[in-house]
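Participant: Structure below; questions to follow.
The values are calculated or read from the model by the stated rules, or taken from the named source; none is laboratory data. A quick note: this is a predicted structure, and the numbers were derived from the prediction, not measured. Here the Cβ is made from the backbone with ideal geometry for all residues, glycine too, and neighbour counts use every protein chain on show. Areas reflect the complete protein model, heavy atoms only, side chains present, ligands, DNA and RNA absent. Shrake-Rupley method; radii C 1.70, N 1.55, O 1.52, S 1.80 Å.
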Amino acid sequence: MKAKVPELCPDPFGERSALRMHRDIHVLGSRVRFESNSEELLRLVDAAYAGLPSHKLSRVEPRLRVRLVLTSPERKRTNAEPPPLQMMSGAGLLAGAADSSSFVVVSPHELGALVVVSPRMLRFPYLTRYELIEFAVFTLTARAQGLVAMHAACVGRDGRGVLLLGPSGAGKSTVTLQCLIEGLGILAEDSIFVTPDTLLATGVSNFLHVRADTLRWIEQRSILAKIRKSPVIRRRSGVRKYEIDLRGGDYPLTERPLKIVAIVFLSARPAAGQPLLERLSRKNALPMLIHEQAYAANQPSWAPFIRTVKRVPFFELRRGQHPSESVAALRELIDSPSRAAR
């Protein structure tokens, strides 16, 4: 007599089936365990977060978990029916999705995230890393620790740093690259996470993305040659940029979080013979900050951040003849706490 096959799977969501492959990586002040059924997805994790400095923001590091699930290839169908539901779990949540779906679910309360990637999405490794994995990691680490997630760059040294703000095209990547070439450390080029009460900033200093026209400012032939050997990525907008891996030892990375001593708005206006840095009043700067950081301004940690950041001076940085002039102005700001405090 043949045994009957049960109609219901005993573990349909995979809650009790541990994913065999994992990585434990320190990122953004947290210890994150990445679990996956795909070595290819874990290679994207390594590409993003391996070899970074370990930043500590508090005495106790949060332990977070990100579950990366690669769905089965979508089968060819002879009829018009949509693909069946595939059940899965992660971050304390239960989910169901078609094989062709790619999505992210983040649960700060459960200290976890679920990232589901379709085989079709995985054919675009940069977008998978940038839009799915990075989104999950950044959102989870920020919300779990109460950090303010800001669209900004941050450079500095000796434990002090300045935030560089400005819309796309304002020159953050150009100035950041020149800062690196001239010996200032970098936290990140466009995503910075700040403790609202102490203004300690951290970031992921893995890559810097620059357009080809930025290279005209680089005078060092050896650096120029290395950048031109870097992979070229394509944004959703169609813009192509060199993706420079900063972890090869050629650039100074900050080994610890930086204390924000000033906030600088990058301007497209030329200095026209005047000093590049102009002090801004808090009355004018705070509305600019809220306008620039619309997402951050709606986070729970924004109110205490604003109370603390009022003690920090604000500046506008106008353009000189060469990005080196901007670096010199920023270096003076970082190295002269007395000026930043005035």
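Participant: State yes or no: is Ser58 part of a loop (DSSP other than H, G, I, E, B), of a type in the set (Ser, Thr, Tyr), modelled with pLDDT of 70 or more and open to solvent by less than 60 Å² (accessible area, probe 1.4 Å)?
Facilitator: Yes.
Participant: Which condition does Gly161 not pass, out of (1) touching a Lys or Arg at 6+ places or on another chain (Cβ under 8 Å); (2) surrounded by fewer than 23 Cβ atoms within 10 Å (Cβ to Cβ); (3) outside any helix (DSSP H, G or I), if it passes all the others?
Facilitator: In the conditions (1) touching a Lys or Arg at 6+ places or on another chain (Cβ under 8 Å); (2) surrounded by fewer than 23 Cβ atoms within 10 Å (Cβ to Cβ); (3) outside any helix (DSSP H, G or I), Gly161 misses (2) alone.
Participant: Let me spell it out: the conditions are (1) more than 19 Å from Asp190 (Cα to Cα); (2) not in a strand (DSSP E or B), and Arg269 meets all of them except one. Which number is the exception?
Facilitator: (2)
Participant: Restricting to the stretch 293-314, count the residues that are within 17 Å of Gly166 (Cβ to Cβ), in contact with a strand residue (DSSP E or B) (Cβ under 6 Å, 6 or more places away or on another chain) and among the small types (Gly, Ala, Ser).
Facilitator: 1
Participant: OK, next. Looking only at the stretch 179-191, which residues are over 25 Å from Phe305 (Cα atoms) and open to solvent by 10 Å² or more (accessible area, probe 1.4 Å)?
Facilitator: Those that are over 25 Å from Phe305 (Cα atoms) and open to solvent by 10 Å² or more (accessible area, probe 1.4 Å): Ile181, Glu182, Gly183.
Participant: For residues that are open to solvent by 30 Å² or more (accessible area, probe 1.4 Å) and either assigned to a strand (DSSP E or B) or of a type in the set (A, V, I, L, M, F, W, C) (or both), tally how many sit in the stretch 93-120.
Facilitator: Total meeting the criteria: 8.
Participant: Name the residue that is nearest to Thr174 (Cα to Cα), counting only residues in the stretch 272-321 that are part of a helix (DSSP H, G or I) and open to solvent by 90 Å² or more (accessible area, probe 1.4 Å).
Facilitator: His291
Participant: Just give me the residues in the stretch 140-158 being part of a helix (DSSP H, G or I) and more than 21 Å from Ile306 (Cβ to Cβ), in sequence order.
Facilitator: Across the stretch 140-158, the qualifying residues are Leu140, Thr141, Ala144.
Participant: Here's something else I'd like to know. Return the only residue of Thr202, Thr214 being surrounded by fewer than 22 Cβ atoms within 10 Å (Cβ to Cβ) and outside any loop (DSSP other than H, G, I, E, B).
Facilitator: On inspection, the qualifying residue turns out to be Thr214.
Participant: Now for a different question. Suppose the filter is within 14 Å of the chain's Cα centre (by Cα), open to solvent by less than 10 Å² (accessible area, probe 1.4 Å) and of a type in the set (Val, Ile, Thr); does Thr176 pass it?
Facilitator: It is false that Thr176 is within 14 Å of the chain's Cα centre (by Cα), open to solvent by less than 10 Å² (accessible area, probe 1.4 Å) and of a type in the set (Val, Ile, Thr).
Participant: What is the residue count in the stretch 217-244 for residues that are out of contact with any strand residue (DSSP E or B) (no Cβ under 6 Å at 6 or more places or on another chain) and not in a helix (DSSP H, G or I)?
Facilitator: Summing the residues that are out of contact with any strand residue (DSSP E or B) (no Cβ under 6 Å at 6 or more places or on another chain) and not in a helix (DSSP H, G or I) in the stretch 217-244 gives 9.
Participant: Something else: Is it the case that Ala262 is in a helix (DSSP H, G or I) and surrounded by 14 or more Cβ atoms within 10 Å (Cβ to Cβ)?
Facilitator: It is false that Ala262 is in a helix (DSSP H, G or I) and surrounded by 14 or more Cβ atoms within 10 Å (Cβ to Cβ).
Participant: Would you point out which residue out of Gly248, Gly238 is open to solvent by 40 Å² or more (accessible area, probe 1.4 Å) and either modelled with pLDDT of 95 or more or of a type in the set (Gly, Ala, Ser) (or both)?
Facilitator: Matching residue, one of Gly248, Gly238: Gly248.
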